[in-house]
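The values are calculated or read from the model by the stated rules, or taken from the named source; none is laboratory data. Since we're looking at a predicted model, the values are computed, not measured. Using ideal geometry, Cβ is built from the backbone for each residue, glycine included, and neighbour counts are taken over all protein chains shown. Each accessible area value is taken on the protein alone, full model and side chains, heavy atoms only, with ligands, DNA and RNA left out. Shrake-Rupley method; radii C 1.70, N 1.55, O 1.52, S 1.80 Å.
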Amino acid sequence: MLHQSKDVRKELREAERAGFEVKEVRNGHTWGYVICCRCGDRDRIDCTPRNASTAAKRIREFVRKHTKAH
C-alpha cells in the first residue's frame, strides 16, 4: 500500500490497525477504498487528492464514525 501522499498513507495504516480493510484498486481517479469489515461500508480514496490533509481527515473521520457505531 503506497499512496503518494504521506498524510493519506499514515491514515491508511491507522485504518488497518483499527481493523479496516484497505483495498488498492487504481482505476481512473480512484486509488482504492477503506472498507469497514463489520458493515461493508466503504470510503473511496483518490489517487491525487486536491488537498491531502483533507483526504487524510476524511479517512480518519470514516474510521472514527464506524468504530463508534459498532
### Message
Along the charge dipole of the chain, pointing to its positive end and built from +1/-1 on Cβ of Lys, Arg, Asp and Glu, which listed residue (ILE59, LEU2, VAL34) has its Cα farthest out?
### Response
ILE59
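Per DSSP H run of at least 4 residues, take -39500 (n - 2.57); add these up for the chain, divide by its residues and hand me the 222 nm value, nearest 500 deg cm²/dmol. Numbers along the way, then the final one.
Working: 2 runs with 30 residues, N = 70.
Calculated at 222 nm, the ellipticity per residue is -14000 deg cm²/dmol.
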### Accessible area of the stretch 27-70 divided out per residue, in Å², using a probe of 1.4 angstrom
67 Å²
#### Entry: Degrees separating the helix 52-69 axis from the principal Cα axis of the chain, which is the longest one
10 degrees
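About the Cα centre of the stretch 1-60, how large is the charge dipole given +1 on each Lys and Arg Cβ and -1 on each Asp and Glu Cβ? Please answer in debye to the nearest 20. Before the final figure, lay out the partial values.
On the way: 14 positive and 9 negative charges, 27 e Å.
Result for the stretch 1-60 is approximately 140 debye, rounded to the nearest 20.
As an exercise, take the mean of 1/r over every pair of distinct alpha carbons in the chain, invert it, and state the Kirkwood radius in angstroms.
On the way: mean 1/r = 0.0846 Å⁻¹.
Radius from the Kirkwood sum: 11.8 Å.
What net charge do the residues around ARG9 carry, taking every other residue with its C-beta under 12 Å from that of ARG9, with Lys and Arg at +1 and Asp and Glu at -1? Mind showing how you got there, number by number?
Numbers: positive: LYS6, LYS10, ARG13; negative: ASP7, GLU11, GLU14, GLU16, GLU24.
Once positives and negatives cancel, what remains is -2.
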### Query
Between the helical axis of 6-17 and the dominant principal axis of the chain, each derived from Cα atoms, what acute angle in degrees is found, rounded to the nearest 10?
30 degrees
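Over the chain, what percent of the accessible surface lies on carbon and sulfur atoms, probe 1.4 Å?
Carbon-and-sulfur percentage of accessible area, whole number: 45.
Counting only C-alpha contacts under 8 Å and six or more residues apart, can you give the relative contact order of the chain as a whole percent? Kindly include the intermediate steps, with their values, before the conclusion.
Numbers: 94 pairs, mean separation 21.0, N = 70.
RCO, the chain: 30 percent.
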